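The structure appears below as structure tokens.
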Amino acid sequence: MVDFMASLQSFRAQLTRLRRLSQPYFLPYTESNAWQFALLLLSLLFCVAATVLGLVSGLMAFLGAIWPQVTAQYLGGVQGAITSLWTRPIIEMLSWGQLTILIFPAAAVIAVIAVERVGRGFPVKAWLYFPSIVLALGILAFWYVQGVFYSLGLMGRTAAIASLSWLIDPFNQMWSSSIQDLSPWMNSLGFGLLCWGQFILLLFAFGLGCFITFRSRLRQRRWIPWLMLGVIILMLLSVNGINAGITFIARDLTNALIERNPEASYRNLWVYGICFMAALPIRTLQYYLTAKLSLVWRDWLTKSLISDYLKDRAYYILNPNEGSGGDVDNPDQRMADDTKDFTKEALKFTLDIFDSILSFSLNIAILWSISGELTLALLGYALIISTVMIFAGRKLVAINSSQLRYEADFRYGLVHVRNNAESIAFYSGEPEESREVRRRLGTVIKNFDLLIIWESLLRMLQRSGIYASNFIPYLILISPILAGEMDYGSFAQANVAYNLVEGSLFFIVYNIESLARFSASVGRLEGFQSNISHVDREEYRDFFSEVTPANSIVLKGAAVKTPFADRLLTKDLNLSISSGQRLLVVGPSGCGKTSLLRVISGLWASPTGQVSTPVVGDLLFIPQRPYMTLGSLREQLCYPLDCDRFSDEHLQAVLKKVQLQSVLDRYPSFDVKQDWPRLLSLGEQQRLAFARLLLNAPKVVVLDEATSALDVGTERYLYQLLVEREMSVVSVGHRPTLREYHDTVLELDGKGGWRLLPAAGYEFGRV
């Protein structure tokens, strides 16, 4: 029982993850509106069911009016079923056994939820009375439905008698004779509201009312996926209705062949051909719409993840680096591949589950009407096999999750070699890179080998279960056939219905491997979404600096400490850089020079004191290796500003000013897109970063060894450009030549200490 409860809670947690990923596309997500999402899904089913009933009823009425004889001959069964739906009471169309089959699963689900909610920590012996809870709920639900139906019918009869009391002659007629004379009409009135057709119309009105009620939450084109999903479900209903009809065709065709009746045989073949021609375009369009819905859902989900990933600097927090709390591996793979797999598989499994439920609902009644023993045997066998497969497949989920991670790590290793090809070539580091890539590949192969073993074992269980189930109809029905109690047509119909119900009940058995892969991808993608959407949680609240906007840089009692490693680099720092002043930060390697620039730029928070810096746009940071965008030369220069702000002549003048005329000679068009980090040397990239700086025209510039790849003359020239524009400058560097471009030197000792010294006469190498 403990293992069962743990599995149930794990399944519930996985459903919660699935809802967090899937619901926002259809309905804005909150922790407490799961019932609204479920209600809209149920309402959609009601609307679609009523639409199907209306379309089929209209079609049969049209065909009956145009070709009455043909319709009666070839589609008489369908016509009779539609007539029954609109005329016969529900209670007359369902036997006790059929109604119990419909109600018992719902009662079982309710009981399982109740036990899971209030029975956490149940004693081990609870399993002894758990079946009794399910059975009791099933019986209560059955009698409740029966009571509702009969109460409504009694109310209808009473209303009819009350409204027609004027027909009763109080002198020579009795109430009983009046009721007897009006009994057919009153039966129709009393039970008319309980026929399936009118009951489905009431459900349609309820479903439509739900969508109207929530219309304000379905704005921003959220009604489009609901419409597409409704059309897809409409087609599933149509195809399953055709499949249910095929069971009767199989029965009649088999009997006609045994009786050697050519007219009936060809008639049933014609009906089967009509069903096939009707189902083929419906199924094709359903596949197309499913793929299309998956595509637009992927587009929405990927854009949503990208937006959250690039918002509030979540990409920086979650990226593993010094001082980062990020532990999310391969975010690129999760946004590119996992979203594609999730939307495709989520929609596929959802529709397949609905298709299975629908097929089960339509064919279980047919199977029960032929043989109750066969139905119960199939239900029991499916329950046993599915339970075995679920518990056996739990290991497969963890293995698939590891496989996704190892595959992404292997791919990243190859990308790393491509991005650092020149450096590897300079070092002649091919053997080491080969060993690392092969190590990652070995991890992939080793885990995949384990995956193959488990998939083979599960496939053996799967195939043995399926093969054994094929003999159940013969084992159950052989006696009534040999005894002459069942004709061959009924056996053929039972066999077709059995296969359809079996396919529905064995959904987990057939798809256990795909479900394991899907479950793993849901866990990875939902974990990524949860991380990027909660960077404002308490543990990240103090990650970024809450700086005070100012025209200069002012630090009062500030400290520099890595956010998560809690390593104190500098303490009680007091610093002021006014307009036009230039500060040079020096110190031994690892003393916290770049970390100080992160605090000034607002990437890290100071745990003490106050930090005041210019607003975004007035402060620009240039690292040692400048950032090169995936775009054109124009976009490289203007980043992060809008390219339309600058003319080609302006861009040409700026490139010439930073001595990059050679780039213009090689690439005359500003709109050409190239692999700029590979084509431009580091020195050219640093000069291009200064061109970007001149276009952005900030008030404060933060340079982290931004001229390390330049000669002394070019370095002096570029710094002179900053002096001419009276920009405040904060530089990190080790060259003694940098001293002449700065007013003050901030010396860090790497132990938390610091001191400010005049730049004139400062001697490098003191710390």
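The values are calculated or read from the model by the stated rules, or taken from the named source; none is laboratory data. In this text the structure is predicted, and so the values were computed from the model without any measurement. Here the Cβ positions follow ideal geometry from the backbone for every residue, glycine too, while neighbour counts run over all protein chains shown.
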Those residues of segment 754-764 which are free of Cβ contacts under 8 Å to residues at least 12 places away in the same chain and either over 17 Å from residue 731 (Cα atoms) or surrounded by 13 or more Cβ atoms within 10 Å (Cβ to Cβ) (or both) amount to 761
Over segment 609-652, the set of residues without any contact (Cβ under 8 Å) to a residue 12 or more places away in the chain and of a type in the set (D, E, K, R) is 635, 642, 644, 645, 649
Among the residues of segment 212-221, are any crowded, with 16+ Cβ neighbours inside 10 Å and either modelled with pLDDT of 85 or more or not in a helix (DSSP H, G or I) (or both)? yes
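Would you be able to tell me the number of residues in segment 262-304 that are among the aromatic types (Phe, Trp, Tyr) and in contact (Cβ under 8 Å) with a residue 60 or more places away in the chain?
Step one: of segment 262-304, the residues among the aromatic types (Phe, Trp, Tyr) are 266, 270, 272, 276, 287-288, 297, 300.
Cutting the leftovers down to in contact (Cβ under 8 Å) with a residue 60 or more places away in the chain gives us 270, 297, 300.
Matching residues across segment 262-304 total 3.
With 726, 740 as the choices, which residue is among the acidic types (Asp, Glu), over 22 Å from residue 628 (Cα atoms), touching a residue at least 40 places away in the same chain (Cβ under 8 Å) and surrounded by fewer than 15 Cβ atoms within 10 Å (Cβ to Cβ)?
Working: 740 fails: touching a residue at least 40 places away in the same chain (Cβ under 8 Å).
Just one listed residue meets the conditions, 726.
Give segment 254-264 a look and list any residue that's surrounded by fewer than 17 Cβ atoms within 10 Å (Cβ to Cβ) and either at pLDDT below 80 or of a type in the set (Gly, Ala, Ser) (or both), or say none.
Quick first cut of segment 254-264, residues surrounded by fewer than 17 Cβ atoms within 10 Å (Cβ to Cβ) only: 257-264.
Passing the criteria: only 264.
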Condition set among the charged types (D, E, K, R) and over 25 Å from residue 490 (Cβ atoms), scope segment 351-379, selection surrounded by the most Cβ atoms within 10 Å (Cβ to Cβ): answer is 355
When segment 380-417 is checked residue by residue, the ones that are over 21 Å from residue 524 (Cβ atoms) and surrounded by 18 or more Cβ atoms within 10 Å (Cβ to Cβ) are 382, 385, 389
Matching residues in segment 375-392 (out of contact with any Leu (no Cβ under 9 Å at 6 or more places or on another chain) and more than 18 Å from residue 515 (Cα to Cα)) number 3
